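Structure first, then comments.
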Amino acid sequence: MATAEKQVMIVAVDESEHSTYALEWTLDHFFVPLGDSCLFKLVIVHAKPSCTSSVGLAGPGAAEILPMVESDLKRIATRVLEKAKELCLSKSVSDVTLEVHEGDARNVLCEAVEKHHASILVVGNHGYGAIKRAVLGSVSDYCAHHAHCTVMIVKRPKTKH
Amino acid sequence: MRVMVAIDDSEESFYALNWALDNLFRDMDAPPEASGGGGGSEVVPPTLLLANVQQALQHYGVPIGPVGGAAFYPTVTVTESVKKAQEQISATILSRALQMCKDKMVITETLSLNGNPKDEICQAIEQKHADLLIVGSRGLGKIKRAFLGSVSNYCAHHAKCPVLIVKSPKDHE
């Protein structure tokens with residue numbers, strides 16, 4: 001049987017440990033065991049928050065700190081993607097596409113799904129309870145309900161002994 | 001990798017099973033290639049675990065019978081026959097699912113459970129050491145989900161393993 005075209009799997013990363021765990025779990029279970037004959041093409045997407053949304057205040061002095069916030073965010077984004085790329089290489093997964101998009105994570109991820117016609121979107125989650133989720137918002141919840149593809153939520157097991 | 005798929009009689013859950021078979025268990029009949037960097041380790045094919053949960057019958061206040069008071073507590077015969085009917089339903093569902101898996105030559109185990117689907121599935125994950133849970137989604141809106149309850153939503157937050165939610169195509173046109 002000729003090898004079918006690979007489906008696209010998008011993994012969302014941010015700077016939290018949860019998304020690193022999610023990427024590692026996905027690599028271990030979907031990519032490492034199959035090596036070259038893996039079923040998916042990996043795309044890693046990082047949503048960089050826009051500096052204006054991060055800085056709440058709009059008073060005097062905002063104009064001065066905006067460039068600093070912007071460069072800080074850029075640095076974080078680069079670091080996140082580098083870490084992700086290193087993780088992939090350490091697992092011998094070299095066919096990876098890395099992308100950064102500016103904006104709110106919810107929209108960025110759903111748009112990325114549309115753009116790549118992805119068949120799976122993988123997200124980690126912070127393990128918030130119902131109340132925290134309602135107040136802080138949950139990207140994984142939003143994507144699970146609004147993304148136009150299958151969504152996999154990878155949770156870090158709680159280590160409380 | 002042990003993959004558990006939650007099955008009930010809805011079309012969405014069978015769509016989820018189909019999706020899983022098509023995307024995760026492709027080329028099962030092809031001979032496994034030894035991966036280069038593994039140092040001679042065998043490629044273990046993923047196994048599938050089909051779980052069907054039947055809601056347990058409430059043991060109180062089921063008014064059966066035309067005349068008031070005829071049967072306010074289900075008699076033993078009623079409970080027995082409902083249990084048998086549920087077992088049959090479960091067996092039919094699981095055999096249909098099993099057939100789909102056999103066609104793809106996937107190693108499959110079936111599990112028939114009784115009780116509240118949310119709790120039973122999460123418990124089964126721990127007991128059977130599943131690595132991944134796959135559920136369908138009925139595409140309920142926020143309000144319906146709060147009232148009708150959503151097994152996939154509950155499992156996504158409470159299951160001890162990663163959860164994959166497969167949406168059926170008629171959710172979005």
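The values are calculated or read from the model by the stated rules, or taken from the named source; none is laboratory data. Values in this document were obtained by computation on a predicted structure and should not be read as measured data. Here the Cβ is made from the backbone with ideal geometry for all residues, glycine too, and neighbour counts use every protein chain on show.
Of the residues screened, residue B:91 is not one that is surrounded by 18 or more Cβ atoms within 10 Å (Cβ to Cβ) and either modelled with pLDDT under 90 or closer than 21 Å to residue B:12 by Cα (or both). Of all the numbered requirements in (1) outside any helix (DSSP H, G or I); (2) in contact with a Leu (Cβ under 8 Å, 6 or more places away or on another chain), residue B:79 misses one, and that requirement is (1).
Are any residues in the range A:72-123 at pLDDT below 90 and of a type in the set (Gly, Ala, Ser), and if so, which ones? Across the range A:72-123, the qualifying residues are A:92, A:94, A:103, A:105. Of the set (1) modelled with pLDDT of 90 or more; (2) within 13 Å of chain A (Cβ to nearest Cβ), all apply to residue B:50 but (2). Residue count for the range A:25-37, restricted to those that are in contact (Cβ under 8 Å) with a residue 12 or more places away in the chain and surrounded by fewer than 19 Cβ atoms within 10 Å (Cβ to Cβ): 4. Of all residues in the range B:121-157, those satisfying the criterion of being modelled with pLDDT of 90 or more, part of a helix (DSSP H, G or I) and over 16 Å from residue B:16 (Cα atoms) are B:122, B:123, B:124, B:125, B:126, B:127, B:128. For the range A:1-28, residues that are more than 13 Å from residue A:88 (Cα to Cα) and at pLDDT 80 or above total 12. Within the range A:124-134, if we keep just the residues that are within 11 Å of another protein chain (Cβ to nearest Cβ) and modelled with pLDDT of 75 or more, the residue that is farthest from residue B:157 (Cα to Cα) turns out to be A:124.
Selection over the range A:24-52 of residues that are within 12 Å of another protein chain (Cβ to nearest Cβ) and under 14 Å from the mean Cα position of the chain (by Cα) gives a count of 3.
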